[in-house]
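The values are calculated or read from the model by the stated rules, or taken from the named source; none is laboratory data. Treat the numbers as computed from the prediction; the structure is a model and nothing was measured. Cβ placement follows ideal geometry from the backbone for every residue including glycine, while neighbour counts extend to all protein chains displayed.
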Amino acid sequence: MNMINLTIDNRPISVEKGTSVLDAAAQIGIKIPSLCYMKLEDLNIENKPGGCRVCVVEVEGRRNLAPACCTEVAEGMVIKTHSMRAIHARRTVVELILSDHPTDCLKCAKAGNCDLQSLAQHLGIREIHYQGEQSTFREDTSPAIIRELDKCIRCRRCEMMCNQIQSVGALSAINRGFNAVVSPAFEMNLDHSVCTYCGQCVAVCPTGALTEVDHTGAVIRALSDPTKTVIVQTAPAVRAALGEEFGNDPGTLVTGKLAAALRRLGFDYVFDTDFAADLTILEEGTELLNRLTAYLGGDQNVKLPMLTSCCPAWVKFFEHQFPELKDIPSSARSPQQMFGSIAKSYFADKIGVNRKDLIVVSIMPCVAKKYECSREEFSVNGNPDVDFALTTRELAQLINLANIDFTSLPDEDFDNPLGESTGAGVIFGTTGGVIEAAVRTAYEVFTGKQLERLDFTELRGMEGLRHATIDFNGLPIHIGIAHGLGNARKLLEDIKDGKSQFHAIEIMSCPGGCIGGGGQPYHHGNAEILKKRQMALYREDQGKAIRKSHENPYITKLYEEFLGKPMSEKSHHLLHTQYFDRSKN
Amino acid sequence: MADYKMHLLVCGGTGCKASESEQIKENLLAEVERNGLSGEVQVVMTGCFGFCEKGPIVKVLPDNTFYVQVKPEDAGRIVSEHALKGRPVEDLLYRDEHDLPISDSKHMEFYKKQVRIALRNCGFINPENIDEYIARDGYAALAKCLSEMTPEEVVKEIKLSGLRGRGGGGFPTGLKWEITARSVADQKYVVCNADEGDPGAFMDRSILEGDPHSVIEAMAICGYCTGSTKGLVYIRAEYPLAIQRLKTAIKQAREYGLLGQEIFGSSFSFDISLRYGAGAFVCGEETALIHSMEGLRGEPTFKPPFPSESGYLGKPTTVNNVETFASVPVIINKGASFFNNIGTEKSKGTKVFALAGKINNVGLIEVPMGTTLREVIFDIGGGIKGGKKFKAVQTGGPSGGCLTNSFLDTPIDYDNLISAGSMMGSGGMIVMDEDDCMVSIAKFYLEFTLDESCGKCTPCRIGNKRLFEILDKITKGLGTEEDLSRLRSLCKVIKDTSLCGLGQTSPNPVLSTLDNFYDEYLAHVKDHKCPAGQCKSLVRYNIDSEKCTGCTLCFRNCPVGAITGEKRSAHFIDNSICIKCGVCYDKCKFDAVSVS
């Protein structure tokens, strides 16, 4: 290994060639402040435009200051990270950013979570010496994301996520000089662009420039309306992250407290989206087996590989970018929408409540779910199957508002019948989880045999693109997995070119899957948090008595009492959907 | 040109063309034919002569007669008098400061001290005729390189010559070529940076308009040295004439086998294509230029990696400025020692400057490095317009600084200009006289930078905006002494922290005026006065009742009705209405209006 010797703040250090000054300093406990720079280790995500200039340091013999994030170490380098010159420059740069930033921190959606706020605090900024004109941009509200560009600091993290990681291309830098900003082309509104609402821009925005649309007020109103029955469903990834909002370590499972908190908030029934995840497996798994059987029987028209369709951002992505492939994804609705549909039919009948008096709220790790539940096809006579989708962060806000001391809550169970789930439903929240759950059921249905092992480790991990072959009793089933839409694009290009060898592909828009969703507690560039959430879900799966979707007794009951069998006509009507060509709009 | 007895050279630069030089050429051609001189007199449209102040120019060879401010209707006299009878048309001749006509341009002060290397063919050959370029040793350097020299020998020669980048940075050209040559890659590129954008600068445009082949030849030589087979010229779309001439030249070079496969029968192949810029100043920065060529947003990125290692499409790329390339064939033809005998210790050869501002001879000049500012401004430039006092000269465009009287005898080279607080830049030179307010000048350059910053890094995007706002405040009489120290402090941080050369140098006009004209700043903030009388918020117009004859001219021209008074009696200005447009001052024939 090629080592480089240098001195940082009078301390000699030897680091690998190619290391940045920022990383080298971190190795000896020197934390140089940075702002635009962001790296998610092991996920191949790095934002390094060198634009904010907060991390500037003094390098002996160099004319000007060097940005630590972009500057590679060199032999014999002598670096001062806290010389008068460096501190003065760093503070001035932050003052300049603040001079073009609204000072409404007290009521900003990002207060307490804002990187700029903590940086200003860190540097002890008490006065802004340079005042002048401030940027004023039109606020842009879409079904899921709000853009308040006056708070944009041009770190370009959102642009990097949107282009390099997601390959969506909705956001890019426009205009010049003081007017430069990140926006859809021609400053059009986000809902007119190709945005998928994946929310990864929101997840990485250091300030309050990008946030989710807030539905907490609407939910409080519904909860206090005596004429409404309000029920709630909560997605698998939420239980692995919500605790972070209340000071728990990343990876803490708070399933029981989550149920308890929702009950205390006043929801009439506290259900679990995991139940609907099990239902999804039955529908989607059956669809896969049907296609597979037809294919093996020589049907030339059958579409393979089959793609999962749980992720609303992914659905919008292919509707915009690959409309010609819209027959390939499973027609199964996402768990959120299956839940809403069953809740407002089967369950409403069961409790004798009129559809319009039943409010379905979902707690999601996602901002795109807000958009998904507003899609017209998921409503009956204008009444949506799911009324409001809240993010994990919004739920934490509600819990605080209701004076609930989350950490001291007892563990409680979900209600029945829509609260019972299996381990298969739980792992929907991580990349690889949906397909693993599907394999557990599809294998047993297809082969008629019992699985010897339930942990398909070959399907797990954090690699952006993965593949594995599962032996279905002598028939090799090729499975592909992608998370991050940029990775998904590669698999879709292969399908388009007729090069894909897969039978089934799982796609999730967000890096890491739903655990890394745009509605989760902010990770602040720390990929370890995502990994810990992932491990938590696998732990929960392991601890479940039932770990295969088709063994969920309430699912069996649902089919017996209401749906008949998977892919039945009723299922088609309530649990499946169609896709649209959005390439023209 | 040997067949003709006389050549009538008509300037075909953008400036002269805008003053009907095309029509002059047409008329000359018609007159030549009418007088039956078609076999003896050739009319040629050339590139820029440099003496733009007095354009359109017509030069007669072999006599070296230099006609200025020629009109299309003068064509008849030039042909019937000069061509037919051998008598120069005296009233069209250039006149010196004593109003004496000069018949031989060699005796013009404007040209006397010039040494033209990069501009050697401008105003001499028809840029749209490759044969004329070849007749002046054109493509001989490329032939010499391909047939007699190894790539290493060529690089060595360029290094020996001491040639440094003429785009502003002054990086040693030979070293740049050597780094690209050493980089291993399946494809390398040669890029000519023709994204000239300094206010008042037109060096590159004139070279491309007047001698495009010299750039093409040098790019091919660079390709040979560095192992590149593809050349790209990044040129701003606002230069249509340069683009057209470059296109013609590339086409001709291809037809002659001087571009394309196996040039001169060697194994070396090279071709050139054009890329158009949308006129963003920041795209003159090489990484921004490369991104723009790649179809990305024209924004700089951190160096290293330098383009010589990883440039266009991630491949090793040599980026040189137009003028740098134009000097290369001469170095190869005449040898490094010819070039490095000209100039100062660390700055060799010559430099082209575009003279503009309050100077008599606005135009394009080329002088040996080491020439003093005094020689350039007073000898070649003919001094200050209207006999006013010299105040400052801005070199290096918006990246440079304002130099005062005390620097007039400084020999111009890269290092001297930097230690004087300015820089060479690409060669813009704007002269200011006693009527110019230096705070306003600094503000003018900041405004330019503000428009042209890409907005990527904080200090340039917001810092320059704040600098501008402070300057604006000062020119409005609202500044304080504290603002001056704040200004200086912010300038230093912007220089210290900006991402690219644009931001790192943008405070220079402010710093250099603060250094050299601090009193003027003080007058603005302490006394709320603009000594030069330029800052409108700080001046008052008054009518001297003694001098005023009551002619009513000011009264009739005032656009806002701020002037009152009866005919034949003294007039008055109501300063609460006056918008300080200065019309009364300009119109008064009796010197009765004063500015205070």
The condition of being crowded, with 17+ Cβ neighbours inside 10 Å and under 24 Å from B:GLY370 (Cβ atoms) holds, among B:ILE412, B:ILE418, only for B:ILE412
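For every residue, the table says whether it meets (1) in contact with a Ser or Thr (Cβ under 9 Å, 6 or more places away or on another chain); (2) in contact (Cβ under 8 Å) with a residue 24 or more places away in the chain; (3) within 13 Å of A:MET338 (Cβ to Cβ); (4) assigned by TED's automatic domain parsing to the domain that holds A:GLU284.
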site	(1), (2), (3), (4)
A:GLU528	no, yes, no, yes
A:LEU537	yes, yes, no, yes
A:LYS548	yes, yes, no, yes
A:THR556	no, no, no, yes
A:GLY564	yes, no, no, yes
A:GLU569	no, no, no, yes
Unique match (being among the aromatic types (Phe, Trp, Tyr), outside any loop (DSSP other than H, G, I, E, B) and over 29 Å from B:LEU417 (Cα atoms)) among B:TYR224, B:TYR234: B:TYR224
Search result, residues across the stretch A:346-375 that are farther than 23 Å from A:ALA259 by Cα and more than 28 Å from the chain's Cα centre (by Cα): A:ASP349, A:GLY352, A:ASN354, A:ARG355, A:LYS356
I'd like to check something: does the stretch B:92-102 contain any residue that is surrounded by 17 or more Cβ atoms within 10 Å (Cβ to Cβ), more than 24 Å from B:ASN340 (Cα to Cα), touching a Lys or Arg at 6+ places or on another chain (Cβ under 7 Å) and not aliphatic (A, V, I, L, M)? yes
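For the stretch A:493-507, enumerate the residues that are out of contact with any Leu (no Cβ under 9 Å at 6 or more places or on another chain) and either of a type outside the set (Gly, Ala, Ser) or surrounded by 24 or more Cβ atoms within 10 Å (Cβ to Cβ) (or both).
A:GLU493, A:ASP494, A:ASP497, A:LYS499, A:GLN501
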Return the total of residues in the stretch B:553-596 being at positive phi and touching a strand residue (DSSP E or B) at 6+ places or on another chain (Cβ under 9 Å). 3
Quick check, is A:ASP23 of a type in the set (Asp, Glu), over 26 Å from B:GLN504 (Cα atoms) and more than 14 Å from chain B (Cβ to nearest Cβ)? no
Exception for B:MET438 within (1) surrounded by 23 or more Cβ atoms within 10 Å (Cβ to Cβ); (2) more than 14 Å from chain A (Cβ to nearest Cβ); (3) out of contact with any helix residue (DSSP H, G or I) (no Cβ under 6 Å at 6 or more places or on another chain) falls at (3)
Just checking, does the stretch A:466-479 include any residue being in contact with a Lys or Arg (Cβ under 9 Å, 6 or more places away or on another chain), of a type outside the set (A, V, I, L, M), in a helix (DSSP H, G or I) and at pLDDT below 95? no
Of the residues in the stretch A:128-141 that are surrounded by 15 or more Cβ atoms within 10 Å (Cβ to Cβ) and in a loop (DSSP other than H, G, I, E, B), the one that is farthest from the other protein chains (Cβ to nearest Cβ) is A:PHE137
Can you pull out the residues in the stretch A:142-176 that are of a type outside the set (Val, Ile, Thr), touching a residue at least 60 places away in the same chain (Cβ under 8 Å) and in a helix (DSSP H, G or I)? A:LEU149, A:ARG157, A:MET160, A:MET161, A:GLN164
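Okay, residues lined up against (1) in contact with a strand residue (DSSP E or B) (Cβ under 9 Å, 6 or more places away or on another chain); (2) of a type in the set (Gly, Ala, Ser):
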residue: A:PHE137; (1), (2): yes, no
residue: A:ILE153; (1), (2): no, no
residue: A:ASN163; (1), (2): yes, no
residue: A:SER172; (1), (2): yes, yes
residue: A:ALA180; (1), (2): yes, yes
residue: A:SER183; (1), (2): yes, yes
residue: A:GLU187; (1), (2): yes, no
Do you know which residues across the stretch B:482-533 are of a type in the set (Ser, Thr, Tyr), in a helix (DSSP H, G or I) and more than 10 Å from chain A (Cβ to nearest Cβ)? B:SER485, B:THR505, B:SER512, B:THR513, B:TYR518, B:TYR521
Name the pairs whose Cβ atoms lie under 7 Å apart, with the first residue in the stretch B:452-467 and closer than 15 Å to B:CYS491 by Cα and at the interface with chain A (Cβ under 7 Å from one of its Cβ atoms), the second assigned to a helix (DSSP H, G or I) and hydroxyl-bearing (Ser, Thr, Tyr), and 6 or more positions between them or separate chains? B:PRO459/B:THR497; B:ILE462/A:SER99; B:ARG466/A:SER99
What number of residues within the stretch B:23-36 satisfy the criterion of being buried (at least 20 other Cβ atoms within 10 Å of the Cβ) and in contact (Cβ under 8 Å) with a residue 24 or more places away in the chain? 5
In the stretch A:216-240, how many residues are in a loop (DSSP other than H, G, I, E, B), touching a helix residue (DSSP H, G or I) at 6+ places or on another chain (Cβ under 8 Å) and surrounded by fewer than 19 Cβ atoms within 10 Å (Cβ to Cβ)? 2
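Give, as residue ranges, the helices (runs of 4 or more DSSP H) completely inside the stretch A:313-402 that count at least 2 residues that are buried (at least 21 other Cβ atoms within 10 Å of the Cβ) and in contact (Cβ under 8 Å) with a residue 40 or more places away in the chain.
A:335-342, A:368-373, A:392-401
For B:CYS437, are the conditions met, namely being hydrophobic (A, V, I, L, M, F, W, C) and touching a Lys or Arg at 6+ places or on another chain (Cβ under 7 Å)?
For B:CYS437, the condition - hydrophobic (A, V, I, L, M, F, W, C) and touching a Lys or Arg at 6+ places or on another chain (Cβ under 7 Å) - is not met.
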Those residues of the stretch A:33-85 that are within 14 Å of another protein chain (Cβ to nearest Cβ), of a type in the set (A, V, I, L, M) and within 24 Å of B:CYS460 (Cβ to Cβ) come to a total of 9
Suppose the filter is buried (at least 19 other Cβ atoms within 10 Å of the Cβ), of a type in the set (A, V, I, L, M), away from chain B (no Cβ under 14 Å) and touching a helix residue (DSSP H, G or I) at 6+ places or on another chain (Cβ under 9 Å); does A:ILE145 pass it? yes
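Residue-wise test of (1) surrounded by fewer than 23 Cβ atoms within 10 Å (Cβ to Cβ); (2) assigned to a helix (DSSP H, G or I); (3) among the aliphatic types (A, V, I, L, M).
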{"site": "A:ARG489", "(1), (2), (3)": "yes, yes, no"}
{"site": "A:LEU530", "(1), (2), (3)": "no, yes, yes"}
{"site": "A:GLU540", "(1), (2), (3)": "yes, yes, no"}
{"site": "A:ARG547", "(1), (2), (3)": "yes, no, no"}
{"site": "A:THR556", "(1), (2), (3)": "yes, yes, no"}
{"site": "A:HIS573", "(1), (2), (3)": "yes, yes, no"}
{"site": "A:GLN578", "(1), (2), (3)": "yes, no, no"}
When A:SER99 is evaluated against the numbered criteria (1) within 30 Å of A:LYS531 (Cβ to Cβ); (2) facing another protein chain (nearest Cβ under 9 Å), which criterion, by number, is the only one it fails? (1)
Only residues that are part of a helix (DSSP H, G or I) and either touching a residue at least 12 places away in the same chain (Cβ under 8 Å) or acidic (Asp, Glu) (or both): list them for the stretch B:468-481, please. B:PHE468, B:GLU469, B:ILE470, B:LEU471, B:ASP472, B:ILE474, B:THR475, B:GLU481
Kindly provide the set of residues from the stretch A:182-211 that are within 14 Å of chain B (Cβ to nearest Cβ), under 23 Å from B:LEU296 (Cα atoms) and modelled with pLDDT of 95 or more, ordered by number. A:VAL182, A:SER183
